[in-house]
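The values are calculated or read from the model by the stated rules, or taken from the named source; none is laboratory data. No experiment lies behind these values; they were computed from the predicted model shown. Virtual Cβ from ideal backbone geometry, glycine too; neighbours counted across all protein chains shown.
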Amino acid sequence: SNKIKKSQELLFELEKTQKASILTSADVLKKRYLLANTELYFYLLQFAEKCREIKITPIVYFYFENPDPNFEQCPDCEVQDKVLTSTSEECKNVRVFAFPQNSDIEIINLLVKDFGIEKAPSLVIGNKTIQGLQSKEKISENISCIN
């Protein structure tokens, strides 16, 4: 009976460790994705500067990410995400780069600071920072859409 109890305790600890390991792996993968996305954004800027005949419009989208999944995420950010997805599907030249405004990744924090992001959602189109939820029409005013 004592050995069974001890085995159950060990099994419980093992399962707890595995779950923590999965979450840690997910966090690592997410950070790798965000870093790769940041790198892709900078490459796109360099490409657009050198190849002016190709008109790719990057939109940098900053959203708020609540680290606790039990609490509500940013409702305006969810709406903004849908608007941007629709815009990028219609405009083949638009590329959206999404980053959490409250990131613990230094390069993203530098982007937040450089663009003067104060709230989420916020967009950067060209050199223009637009704070707050934006309609598809407002976004369209700031881009040249190529279907």
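For the structure I just gave you, tell me whether K119 is of a type outside the set (S, T, N, Q), in contact with a strand residue (DSSP E or B) (Cβ under 7 Å, 6 or more places away or on another chain) and at pLDDT below 95. Outline the logic, then answer.
Numbers: of a type outside the set (S, T, N, Q): yes; in contact with a strand residue (DSSP E or B) (Cβ under 7 Å, 6 or more places away or on another chain): yes; at pLDDT below 95: yes.
Taking the combined requirement at face value, the residue satisfies it.
I'd like the full set of residues that are under 24 Å from P100 (Cα atoms) and at pLDDT below 90, limited to the range 49-62.
If we filter the range 49-62 for residues that are under 24 Å from P100 (Cα atoms), which is where we start, we get 56-62.
Once the filter is applied, which keeps residues that are under 24 Å from P100 (Cα atoms) and at pLDDT below 90, the range 49-62 yields only I56.
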